[in-house]
Amino acid sequence: MAKKITDKVTWVGKVDWELTHFHGHEYSTSKGSSYNSYLIRDEKTVLLDTVWLPYDQEYVANLKKEINLNKIDYIIANHNEIDHSGALAELMREIPNTPIYCTANGAKIIKGHYHQDWNFVTVKTGDTLNIGESTLTFVEAPMLHWPDTMMTYMSGENILFSNDAFGQHYSTELLYNDNVDNSELFAEAIKYYANILTPFSKFVTKKINEVLSFNLPLNLICPSHGVIWKNNPAQIVEKYLDWANDYQENQISIIYDTMWESTRKMAEAIADGINKTDPNVTIKLFNASKEDKNDLITEIFKSKAILLGSSTINNGLLHSIGGLLEMVKGMKFKNKKAAAFGSYGWSGESVKQLTEKLKDAGFDVVKDGIRSLWVPDGDEITKLSEYGKSLVELLK
Ligand code: FEO
């Protein structure tokens, strides 16, 4: 159902309440998502982004209720991952000659996905499109988070169509940030940043500062997922600058997997030692095999340090920890400290492997890891607690 945003701009996207996973199964979406598409009606009519492929027919059918498709003068494709370009093929069957404004990389990606030579108009930062009272200005934003990404600014209405940046996988019919539960909203916004944008933080900082230097008036930020930032849109920009700046809270996350509870007992004993020495630091324990992997990435994003634990199995790591480390490496976290621990019965390679992988992922490993043979008890628990105490200064 279309929703009017301003006299000239109407939301024509899709709220996907059922979505549980995104990027295949790489990203969990426990609150669903939305694919935001916008129809701009000035002297010229512009359609900005579409929706994910499974909803292409529904999208075009709904769009026809809002406008005669032949009245669309221009299509703008800010970013061409399938969640935004997915309905293009269905749409272009109806209006095959409509120009598609996108970056040069955008044209390549659309051709690579849909194998059609549509009427592409490639644009660069600073290029403009006059549509009547308003002018659209394009701002390339490569690697936020794909090479093709750009943003579009609409003068007069003072709207930044930011595409994925400032988005959240969050379904709501209420449209605006001030209408929804803000604790839910910011939990989804930080999860989105941590899991999607962390590797590109230096580009985030640079691009935001570039856009701020234009001193453009800003009434709304309209991203491609989740709510529109209407009440104080600068608040999410400030959050992004904070998150992009090697963000951390006073938190230590202890993340482990365990076969027969020995590594869990180690985790709890180390946590006890940390807590006794520094009662103010937030310590969170997670069994990686039982937790959502993307929530773990968010917790690591918030942490100043992590302790990673795994029992040894078949001369290696338990798979939940091995898989998590692969994700962690890709995030390119900066300014985070770490140490490793794990139980073993005979060969006991896990701690050495964890240590190497943490270093490889860019963590500052502050102390040799600690191993416990079989089941820790008595003196061993005390030793682990002492290990936790000894970490406090090193993890500051
Ligand atoms: Fe929402 Fe990168 O697509």
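In the assembled protein chains, D117 presents an accessible area of approximately 130 Å² (probe radius 1.4 Å). Helical runs (DSSP H, four residues minimum) scored at -39500 (n - 2.57) apiece and divided by the length of the chain put the mean residue ellipticity at 222 nm at -10500 deg cm²/dmol. Solvent-accessible surface of the chain, averaged per residue with a 1.4 angstrom probe and all protein chains in place: 43 square angstrom.
Of H115, H21, H169, which is the most mobile in a GNM of the chain whose springs link Cα atoms less than 10 angstrom apart? Looking only at H115, H21, H169, the biggest GNM fluctuation is shown by H115. Once you divide the Cα radius of gyration of region 193-234 by 2.2 N^0.38 Å, the number left is 1.30.
What the Cα atoms of region 165-240 give is an Rg and a Dmax of 12.3, 34 Å.
When the C-alpha to C-alpha distance is required to be over 26 Å, the pairs from K108/K191; K284/K336; K284/K329; K191/K337; K202/K302; K31/K284 that qualify are K108/K191.
Averaging 1/r over every pair of different alpha carbons in region 14-68 and inverting the result gives a Kirkwood radius of 12.7 Å. Taking 0.36 nm per residue of sequence separation and removing the Cα-Cα distance, the K396/E133 pair yields an extension gain of 89.2 nm. Taking all protein chains in place and a 1.4 Å probe, what share, in percent, of the accessible surface of the chain do carbon and sulfur account for? For the chain, the apolar C and S fraction of the accessible surface comes to 49 percent. Rounded to the nearest 10 square angstrom, E133 shows an accessible area of 140 square angstrom against a 1.4 Å probe. Enumerate the aspartates and glutamates that K332 could reach by cross-link, defined here as Cα to Cα under 13 Å, with residues fewer than 8 away along the same chain left out. Partners found: D246, D360, D364. For K71, a cut-off of 21 angstrom between C-alpha atoms picks up these lysines, skipping any fewer than 8 places away in its own chain: K3, K4, K8, K44.
The Rg/Rh ratio of region 251-394, with Rg taken over Cα atoms and Rh as the Kirkwood radius over Cα pairs, comes to 0.93.
Ranked from largest, the principal axis spans of the Cα set of region 102-246 equal 44, 35, 32 Å. With the biggest extent put first, the Cα atoms of region 3-243 measure 43, 39, 33 Å across the principal axes.
The values are calculated or read from the model by the stated rules, or taken from the named source; none is laboratory data. Predicted, not measured: the structure shown is a model, and the values here were computed from it. For accessibility, only protein heavy atoms count, side chains too; no ligands or nucleic acids. Shrake-Rupley method; radii C 1.70, N 1.55, O 1.52, S 1.80 Å.
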